Structure formats: structure tokens, C-alpha cells
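Bear in mind that the values in this text are calculations on the coordinates, not laboratory data. None of the values given here were measured: they were computed from a predicted structure. Don't worry about glycine lacking a Cβ; one is built from the backbone with ideal geometry, like all the others, and counts go over all protein chains shown.
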Amino acid sequence: MNATLVIEWVVKSLVIILVLTGGFAYTTLYERKVLARMQVRRGPNRAGPLGILQPVADGIKLIFKEELTPHNADKFIFTVAPVITVVPALVITAVVPWGREISLFGRTFTLYLSNVNVAVLYILSVTSISVYGITLAGWSSNNKYATLGGVRATAQMISYELALGCAYIGPILIVGSMSLVDIVEAQAGVWFIFLQPVAFLVYFLASLAEVNRAPFDMPEAEQELTAGYHTEYSGMKFALFFMAEYIKMIAVAMIGVSLFLGGYLGPGIDRFPILGPVYLFIKVAVWLFVIIWVRATLPRIRYDRLMALGWKVMFPLALLSVMITALVLLFVES
């Protein structure tokens with residue numbers, strides 16, 4: 001194997017990990033600032049100029065915070081569960097393209113780690129792993145509230161994964177490929193949000209449920225479960241769960257932007273390929289703003305209605321969208 005190619009993969013992997021971990025820290029600040037503005041109050045403004053060092057202060061606090069393990073907990077699983085949750089969130093974006101090829105130092109580099117023809121299957125496979133971490137965290141804590149939170153997370157994430165998977169199918173049928181690079185490039189003329197509005201809506205709502213964001217944050221319902229599956233966690237183990245949540249927010253935004261909003265495409269991309277990551281960043285920032293906006297606006301819904309929405313509304317709607325897309329493509333091709 002070419003040593004230069006291995007070095008390129010290693011560098012790209014480090015870039016992805018650093019961007020996601022740094023993005024996690026400053027997405028928390030972004031959310032707190034946006035929520036403060038929407039609620040007409042001051043957000044973080046003490047640590048550093050305009051509060052920009054607040055994530056650093058939070059990290060230092062969590063590093064030195066005492067970590068406790070319940071006496072009757074399964075200590076091994078209790079320790080491993082946060083890791084099982086955060087690792088899939090880090091590796092899921094390996095197949096998401098940031099831009100086109102660029103020339104640098106006399107060589108051509110692709111702005112993605114891997115372009116596989118089963119990228120969508122890879123994403124669905126990896127996202128399904130994180131449910132194990134949350135469920136095992138709740139069970140291993142030996143706490144009834146944590147166990148209920150883990151059970152809720154299992155039911156919710158499995159239910160909404162069906163609708164989420166169906167939302168991918170529309171763009172795949174139109175392009176005839178499961179590669180995210182091919183799907184993004186196929187949107188050079190028109191974004192798929194205009195061709196697949198129902199699939200986009202289903203994807204957005206199902207992704208909120210997948211990452212346990214309001215109004216679908218039932219596994220963490222403080223009023224009912226005193227924080228749910230991570231009730232017994234503290235210190236850096238506690239931080240890993242929130243790292244996983246915010247990194248998954250960034251990941252679903254990157255995937256959604258690539259599927260429906262043209263990914264890295266934008267004005268001048270043909271002449272200046274380096275603009276690709278800039279356009280992707282702007283679109284992801286807007287997507288995250290909408291997620292935060294939903295949290296600031298909508299109350300948490302009741303759990304039975306959460307499950308009814310997933311099975312009785314979103315899943316049938318996603319299937320209907322797939323059927324209509326397939327029929328239209330069949331009619332056009334014939």
C-alpha cells in the first residue's frame with residue numbers, strides 16, 4: 001500500500017475527529033447563545049470575550065469533577081457504555097464529502113475520507129450501534145429511572161430508524177447510487193429538497209428523534225426520569241454522552257445537507273473548489289440553528305404520541321413518498 005495514501009487517510013481522519021470534537025464544544029455555545037437571544041436574556045458572557053471560552057471552562061470543570069459509580073452497578077458496562085455511544089458518532093461522517101478535488105503542493109486531494117458505493121448503508125449501520133450504548137448505560141446503572149430512559153431510547157430510536165431509512169431512498173432512486181458524492185453532484189441543477197419535500201420533512205423529524213432532541217427528548221425527560229439513562233453518570237463519562245449527542249447533531253446535519261440541500265455545492269464551486277467546505281459549513285450552521293429553534297419553541301410531547309407519530313404517520317408517509325418517487329421515475333423512463 002502506498003505510504004503517501006496512508007498518511008493522507010490518517011490526516012483526513014484526524015481532521016474529521018478534531019472538527020467534530022471542536023464542533024461539539026462550540027455547538028453547545030451556539031445553542032446557548034441562540035436560546036438566550038430567543039428567550040430575551042443574556043447567554044454565556046463571562047468566560048473570555050463574548051463568552052467564547054465557555055466550552056473550555058465547561059471542559060475543565062468536567063475533567064476535575066468527581067466521577068461516581070453506583071455500588072451495585074455493572075462497573076465494566078457502566079464504563080464502556082459512553083464510549084460505545086460516542087464512537088459511532090465520530091466515524092459516521094467518514095463517507096460525507098466536504099468538497100471536490102483540490103490541487104495542493106503539486107498533488108490532487110479529494111475532500112472526503114472515503115467514497116464508497118454503499119455510503120448510505122454504512123451510515124444506517126453505524127447509527128444503529130449507538131442505541132446499544134444508551135440502553136446499556138441505563139441498564140448497567142442499577143437505577144429504575146435510568147433503566148426506563150434506556151428502554152425508551154431503544155424503542156424510540158428503532159421506531160424512527162424505519163422512517164429515517166425510507167427518507168434516504170428517494171434521493172437514491174433519483175441518482176441510482178448510494179454514494180453521497182454522486183448524490184451531491186446530481187444536485188448541481190436542482191436541490192433534492194424541491195424534488196423530495198416529504199422525504200426531507202421525514203428525515204428532519206426522524207433525525208431529531210434519533211439524536212434525542214426536543215420535542216423528542218423522552219429518554220432524558222427530567223420531569224419524569226430525572227435525566228433518564230445518564231442519571232448516575234458524572235464527570236467525563238457524563239460529558240461523553242453529551243459529546244455524542246452534539247456530534248450526532250452535526251453528523252445528521254451534514255448528511256441531511258448532502259442528501260437534500262446540495263452539500264458542498266454553491267456559486268463559484270467550479271472555479272474555486274476550496275469553497276466547498278465553506279458552503280457545507282454554512283448549510284450545516286443553518287440546519288443546527290433550526291434544530292435549536294425547534295427546541296426553543298416546541299414542548300416535549302407525550303411518549304405514546306411520540307410512538308404513534310413514528311409508526312402511524314411518519315413511517316407510512318415515508319413509504320408513500322418512496323412509492324410515488326418510484327412510480328414517477330418508472331413513468332419518466334418509459
Which one, ALA221, ALA81, ALA89, has the greatest fluctuation when you compute a Gaussian network model over the chain with C-alpha springs under 10 angstrom? ALA221
Along the charge dipole of the chain, which of TYR264, LEU306, GLY51 sits closest to the positive end, that is, farthest toward it, with unit charges on the beta carbon of Lys, Arg, Asp and Glu (+1, +1, -1, -1)? GLY51
What are the trypsin sites (Lys or Arg not before Pro) within segment 1-84 that DSSP puts in a loop, where the Cβ has at most 11 other Cβ atoms within 10 Å? ARG41, ARG42, ARG46
Stretched out fully, how many nm does the piece from LEU18 to TRP311 gain, at 0.36 nm a residue minus the Cα gap? 101.8 nm
Qualifying aspartates and glutamates (Cα of each under 16 Å from Cα of LYS144; at least 8 residues distant if same chain): ASP74, GLU220, GLU222, GLU224, GLU232
Just want to confirm a number: the relative contact order over the chain, from Cα pairs under 8 angstrom separated by 6+ residues, in percent. 23
Acute angle (nearest 10 degrees) that the helix 235-260 long axis makes with the longest principal axis of the chain, alpha-carbon atoms: 20
Report the extension gain between PHE289 and ILE324 in nm, rounded to one decimal, defined as 0.36 nm multiplied by the number of residues separating them, less their alpha carbon distance. 9.5 nm
Rg/Rh for segment 70-333, where both radii come from Cα atoms and Rh is the Kirkwood radius: 1.01
Amide H of ASP74: which non-local residues (sequence gap of 5 or more, or other chain) have their own amide H closer than 5 Å, using H built in the peptide plane? ASN142
Within the set LYS283/LYS312; LYS248/LYS283; LYS61/LYS237; LYS75/LYS248, which residue pairs have Cα atoms separated by over 19 Å? LYS283/LYS312; LYS75/LYS248
If the viscosity is 1.002 mPa s and the temperature 20 °C, what translational diffusion coefficient in µm²/s does Stokes-Einstein give for segment 111-173 when Rh comes from Kirkwood over Cα pairs? 160
Could you tell me the distance between the Cα centroids of segment 103-122 and segment 1-61, to the nearest Å? 24
Pick out which of PHE192, PHE200, PHE109 has the largest mean-square fluctuation in a Gaussian network model of the chain, springs linking Cα atoms closer than 10 Å. PHE109
Obtain the nm distance between the two label points defined at SER334 and PHE272 by a simple spin-label model: each point lies 7 Å from its Cα along the Cα-to-C-beta direction. 4.8
Which of PHE78, ILE169, PRO88 sits closest to the plus end of the dipole of segment 70-333, meaning its Cα is farthest towards the positive end, when Lys and Arg get +1 and Asp and Glu get -1 on the C-beta? PHE78
Multiply the residue gap between VAL118 and ILE301 by 0.36 nm, knock off their C-alpha separation, and tell me the result in nm, one decimal place. 62.4 nm
Output row, site GLU101, 7 Å Cα→C-beta label point, backbone N cut-off 12 Å, window segment 174-188, residues none
Within the chain, longest stretch clear of exposed GluC sites (Glu not before Pro) (DSSP loop, no more than 13 other Cβ within 10 Å): 102-334
